[in-house]
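What follows is a short report on a single structure.
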Amino acid sequence: MSFAPDIIERLARARADLRMGVPIVLTGAGTPLLVLAAETLTAERLADVRTLGAAPDLTLTARRAETLKARAYDGDIARVALPGGADLRWIKGIVSPEDDLNTPMKGPLATARTGEAALHRAAVKLVKSAQLLPAALTLELVEAGNFALEHGLTVIPSALAAPHLAATSPLHPVVHARLPMEAAEAGRLHIFRPEDGGAEHYAIEIGRPDRGAPVLARLHSACFTGDVLGSLKCDCGPQLHAALGHMGSEGNGVLLYLNQEGRGIGLANKMRAYSLQDQGFDTVEANHRLGFEDDERDFRIGAKILQEMGFSSVRLLTNNPRKITMMENAGVAVAERVALKVGENAHNQAYLATKAQKSGHML
């Protein structure tokens, strides 16, 4: 029977649990782990964890560990031993960089260099996929099955979860309807929903593009601050409207509006990055101090939507070479790159310079 949730549905549950501060249990190689997202950890649950006997770890990404001058012996993650007197404030200070400049000395931090780290790595990936700060409080559980059953916790077998944490979720069309716009009266909005319970993505079709020819296309990541509020810290709003205007002038095109706010880290973390930029860090440095990579977006989503709509090649409106590479790797040919240089102002000149120097944007 199919009443029980499958692994994709259990992962969706796990993400929701972690965002609410509820623990989950990871099983697989080595001893099972109790996992709590550090960002949503409460003092009460921290106290409960300490009653379980074993010493918990604070698992961080190597990017965050580098900022803290902690050794990441596991490569992409670091397992920091939680000191006996560490309280919730100490943990928050380790995982969040907002007070790094006020209290720069946070160590020395002892990190594990032996033992199996696969489940700790999976814990960080899962927390990151929930768009929380990529750090987890982890504790080994010997009787994990009974513990999870007793406390009603979601159990995730890491071997089943791993392919889904690495892959792009399948997308399915939900509905489309005519949408006259300022850029073009002949507009149509398509809604696509991922199987993993994540945010929906949109395709804005202008005119009736020929499916047999390269379509003028733009991969545009959602930017609430730029697209809606008219933020001057980025060039997203001007790029959105310029791309739609270009398609309207040509009479056809497809703009993919992907819900990957803040280069894939979510609006809350994007605002944390903005706070760090106000302290003097550039956009890449801010992401690293938060524990993220330069860019966490997955442009394969855009390729899948284009293929679902019947397109196999594009004239891509972009300044980002990574978009071109990822589109071609996903099976969509880029017949031409169409430059999109708009939106520079006194507030975002340093931001644009960083994108060119560190991310290779063709500006």
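In a shell of Cβ-Cβ distance under 14 Å around Ala346, excluding Ala346 itself, what net charge do Lys and Arg (+1) and Asp and Glu (-1) give?
On the way: positive: Lys233; negative: Asp235, Glu344.
Combined, the nearby Lys, Arg, Asp and Glu give -1.
Probe of 1.4 angstrom, ligands and nucleic acids ignored: what's the accessible area per residue over the chain, in square angstrom?
The answer is 46 Å² per residue.
Could you please state, rounded to a whole Å, how far the C-alpha centre of the stretch 319-334 is from the C-alpha centre of the stretch 112-140?
That distance is 30 Å.
Using a simple spin-label model with points 7 Å from Cα along the Cα→Cβ vector, what separation in nm is obtained for Met20 and Glu143?
Inter-label distance under the simple model: 2.6 nm.
What residue among Gly107, Gly93, Gly187 shows peak mean-square fluctuation when the chain is described by a Gaussian network model with Cα springs under 10 Å?
Gly107
Expressed as a rounded percentage, what relative contact order does the chain have, with Cα pairs under 8 Å and six or more residues apart?
16
Taking θ = phi - 60°, what integer Hz values does the Karplus form 6.51 cos²θ - 1.76 cosθ + 1.60 yield along the stretch 143-157, in sequence order, with x for Gly and Pro?
Each residue's phi maps through the Karplus curve to give 9, 5, x, 5, 4, 5, 5, 4, 9, x, 8, 6, 10, 10, x Hz.
Between Ala213 and Ser2, what is the FRET efficiency for a Förster distance of 35 Å, r being their Cβ-Cβ separation, to the nearest 0.05? Write down the numbers at each step before the final one.
On the way: r = 42 Å, r/R0 = 1.21.
Here the calculated transfer efficiency is 0.25.
With a 1.4 Å probe and every protein chain kept in, tell me what percent of the accessible surface of the chain is carbon plus sulfur.
Working: 8900 of 16820 Å².
It is 53 percent, rounded to a whole number.
Work out from phi, with θ = phi - 60° and the Karplus expression 6.51 cos²θ - 1.76 cosθ + 1.60, the ³J(HN,Hα) of each residue of the stretch 295-307, listed in order in whole Hz, and give x for Gly and Pro.
8, 9, 6, 10, 7, 4, 4, x, 4, 5, 5, 4, 5
Name the residue farthest towards the positive end of the dipole of the chain from the options Ile7, Leu179, Gly85, assuming +1 on Cβ of Lys and Arg, -1 on Cβ of Asp and Glu, about the Cα centre.
Highest projection toward the positive end goes to Leu179.
Out of all DSSP beta bridges in the chain, what portion is antiparallel? Express it as a percent rounded to 5.
Antiparallel bridges: around 70 percent, rounded to the nearest 5.
Would you mind telling me which residue in Ala14, Ala268, Ala135 has the biggest mean-square fluctuation in a Gaussian network model of the chain, where springs connect alpha carbons within a distance under 10 angstrom?
Ala268
Full extension from Ala43 to Glu66: what is 0.36 nm times the residue separation minus their Cα-Cα distance, to one decimal in nm?
5.6 nm
Just how far, in whole angstrom, is the stretch 29-52 from the stretch 249-307 if you go by their alpha carbon centroids?
30
Please report the relative contact order for the stretch 141-192, taking Cα pairs under 8 Å with a sequence separation of at least 6, and give it as a percent rounded to a whole number.
23
Take every Cα pair under 8 Å in the stretch 138-225 that's 6+ residues apart, average their separations, divide by the length, and report that relative contact order as a whole percent.
17
Under a crude label model (7 Å from the Cα following the beta-carbon direction), how far is Ala162 from Ala268 in nanometres?
Between Ala162 and Ala268, the simple spin-label model gives 2.9 nm.
How large is the dipole of the chain about the Cα centre if only Lys and Arg carry +1 and Asp and Glu carry -1, each at its Cβ, rounded to the nearest 20 debye?
Using only the charged Cβ atoms, the result is roughly 420 debye.
Which peptide among 116-122, 32-38 comes first, and what is the full order, when sorted by highest mean count of other Cβ atoms within 10 Å?
Details: 116-122: 20.7, 32-38: 26.0.
The peptides rank, most packed first, as 32-38, 116-122.
Who wins for biggest fluctuation among His176, His164, His151 in a Gaussian network model of the chain, springs between alpha carbons below 10 Å?
His151
Net charge near Pro209, counting Lys/Arg +1 and Asp/Glu -1 over other residues with Cβ under 15 Å of its Cβ?
On the way: positive: Arg188, Arg208, Arg211, Arg218, Arg315; negative: Glu205, Asp210, Glu250, Glu308, Glu336.
Counting the neighbours of Pro209, the net charge comes to 0.
My understanding is that a pair violates if its Cα-Cα distance is over 27 Å; which of Lys92/Lys304; Lys92/Lys355; Lys233/Lys304; Lys69/Lys270; Lys69/Lys341; Lys128/Lys355 do that in this structure?
In this structure, Lys92/Lys304; Lys92/Lys355; Lys233/Lys304; Lys69/Lys341 exceed 27 Å between Cα atoms.
The values are calculated or read from the model by the stated rules, or taken from the named source; none is laboratory data. Just so you know, these numbers come straight off a predicted model, no measurement behind them. Note that each Cβ is placed from the backbone with ideal geometry, even for glycine, and that neighbours are counted across all protein chains shown. The area values use the complete protein model at the heavy-atom level, side chains included, leaving out ligands, DNA and RNA. Shrake-Rupley method; radii C 1.70, N 1.55, O 1.52, S 1.80 Å.
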